[in-house]
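First up is the structure itself, then whatever we jot down about it.
The values are calculated or read from the model by the stated rules, or taken from the named source; none is laboratory data. Nothing here was measured: the structure is a model prediction, and the numbers come from that model. Here Cβ is always computed from backbone atoms with ideal geometry, including for glycine, and neighbour counts include all displayed protein chains. The area values use the complete protein model at the heavy-atom level, side chains included, leaving out ligands, DNA and RNA. Shrake-Rupley method; radii C 1.70, N 1.55, O 1.52, S 1.80 Å.
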Amino acid sequence: SLWRAIDQDGFELDILLQPRRSAKAAVRFFRRLLKGFHYVPRVIITDKLRSYKAAKKKVLKTTEHRSHRD
């Protein structure tokens, strides 16, 4: 599965290819993404995959989570 992070201006921040889209994979993706940042994002927007919610609880506790279907 392909994971992509895009900023508010539409620029691609990171891409990660993993065999599964589980909560464990989402945690790994969030941690890898945040490693290069000097801040924690205020809001993240994802598709409706439930593994994002589980990962957000572990990694991005203070970040607002919005989800929608593309």
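Numbers below:
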item	result
All positions within segment 24-70 that are among the hydrophobic types (A, V, I, L, M, F, W, C), open to solvent by 40 Å² or more (accessible area, probe 1.4 Å), more than 19 Å from GLN8 (Cα to Cα) and not in a loop (DSSP other than H, G, I, E, B)	ALA54
Selection status of LEU60, within 13 Å of SER1 (Cβ to Cβ), of a type in the set (A, V, I, L, M), in contact (Cβ under 8 Å) with a residue 12 or more places away in the chain and touching a helix residue (DSSP H, G or I) at 6+ places or on another chain (Cβ under 7 Å)	no
Selection from segment 8-18 of residues that are acidic (Asp, Glu) and surrounded by 10 or more Cβ atoms within 10 Å (Cβ to Cβ)	ASP14
Cross-chain or 6+ apart pairs with Cβ under 6 Å, segment 28-42 first and within 15 Å of LYS58 (Cα to Cα), then among the acidic types (Asp, Glu)	LEU33/ASP14
Scan of segment 20-70 for residues that are of a type in the set (A, V, I, L, M, F, W, C) and touching an Asp or Glu at 6+ places or on another chain (Cβ under 9 Å), ordered by number	PHE29, LEU33, VAL43, ILE44
Sole residue being in contact with a Gly (Cβ under 9 Å, 6 or more places away or on another chain) and without any contact (Cβ under 8 Å) to a residue 24 or more places away in the chain, chosen from LEU17, LEU2, LEU13	LEU13
Given (1) in contact with a His (Cβ under 9 Å, 6 or more places away or on another chain); (2) modelled with pLDDT under 85; (3) not β-branched (Val, Ile, Thr), number of the condition LYS56 does not satisfy	(2)
